[in-house]
Amino acid sequence: MALNRYELLERLRELLATQEGAEPAGSKMSANASLDHCSVERLDLVHHPVLEAQPATQRMLLTVPEACAELRISRAQLYILTNKQHVIDMIHIGKLSRIPRASLEAYVEQLRQKQRTAPRLAFDRELCA
């Protein structure tokens, strides 16, 4: 029986509540009900990599969606920067694509340097009047 995420979370809450000896609020299961098909060991959530992962701000390698979120750009724009303009490095580990955090930081610093050295145009109000 496949469970969706919501059902899985509800089952885990019920399991934790029954282990603590209190019945969860609004629970459809009794305190003595067994979750044989949905036990923590069987679901292997105790050592699930997502639950033990570091926050994105501490990771060396970011996924494509994480890198897009960091730069606040679209996925297509990130692929343009990596594949066509070659300003951001992309590492392939098997079929996985990862972007080094250092590459993103170097790209942002490069943009800052360009903006600092770019000549600033003086705004002349007389020309616009």
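Which value, in debye to the nearest 20, gives the size of the charge dipole of the range 61-117 about its Cα centre, when Lys and Arg are +1 and Asp and Glu are -1 at the Cβ?
Charge dipole, the range 61-117, about its Cα centre: 140 debye, nearest 20.
Please report S97, S74, S103 as a ranked list, fewest other C-beta atoms within 10 angstrom at the top and most at the bottom.
In order of increasing Cβ crowding within 10 Å: S74, S97, S103.
Neighbour counts of other C-beta atoms within 10 Å: give me Y6, Y79, Y107 arranged from fewest to most. Mind showing how you got there, number by number?
Values: Y6 8, Y79 15, Y107 18.
Ordered by Cβ neighbours within 10 Å, fewest first: Y6, Y79, Y107.
Please give me the summed charge of the neighbours of N83: other residues whose Cβ is under 15 Å from its Cβ, Lys and Arg +1, Asp and Glu -1.
+2
Considering just Cα atoms, how many Å³ per residue does the convex hull of the range 61-117 enclose?
Working: hull volume 4.2 nm³, N = 57.
Once divided by residue count, the hull of the range 61-117 is 74 Å³.
We did not get these values from a lab; they are worked out from the coordinates using the rules stated. Worth saying up front: this structure is predicted, and the values here are computed from it rather than measured. Cβ sites come from the backbone with ideal geometry, for glycine too, and all protein chains shown count toward neighbours.
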